[in-house]
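Everything on this sheet refers to the single structure shown next.
The values are calculated or read from the model by the stated rules, or taken from the named source; none is laboratory data. This one's a predicted model, so the numbers in the text were calculated from it and none came from an experiment. Every residue, glycine as well, gets a Cβ built from its backbone with ideal geometry; the counts of neighbours run over all protein chains shown. Surface accessibility is based on the protein's heavy atoms, side chains included, excluding ligands, DNA and RNA. Shrake-Rupley method; radii C 1.70, N 1.55, O 1.52, S 1.80 Å.
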Amino acid sequence: MARARGLSFNNLGGSANINGLMARIRGEAPQSTRDAFAALGKSQEKISFKDIIRVWRDGDPFLRECVEDIAVVIGGAISNIVCLLNCDLVIFGGEYNVFHSQMLPVINRIVKENAFTPVKVVPALLEKNSGIYGLFALSKEVIFDRLCRQGHEHT
């Protein structure tokens, strides 16, 4: 499996989460990336995830490398999950879905190379709201199921 530069496979959360990305930018960003944030009126300490997205969309090579490395880590994790759960499809959502154009080819390659039975990884159509909508759907299903069982218990 490909190795991600500067990332640890022992701590998925620290390696692939937004705080880890921001820490890497603060600690390793070259001057050109720092200048791109400065052009937005942001210092290294004041950048937000939206700022990262803007600079990434402008093609910053360092941020492209960071996103690639995170995709490698996520691809490895998804490969393991696919092997463990034997699923048919993986829907990639959350905040990083904004990078799906760069991340999904990497993730799909890694899953294809490493999972026992590779599956396709696709972007969530609900983008960053997929988690909350999933929670609403699950809650609705649980409540509906509970109400239906209550109606049958009294008959």
Calculated log₁₀ intensity ratio I(q)/I(0) where the Debye formula runs over C-alpha points of region 19-155, q = 0.16, 0.18 Å⁻¹: -0.89, -1.02
Under 15 Å, Cβ to Cβ, from S139 - net charge with Lys/Arg +1 and Asp/Glu -1: 0
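When ligands, DNA and RNA are left out and all protein chains stay put, how many square angstrom of accessible area per residue does region 44-89 have with a 1.4 Å probe?
51 Å²
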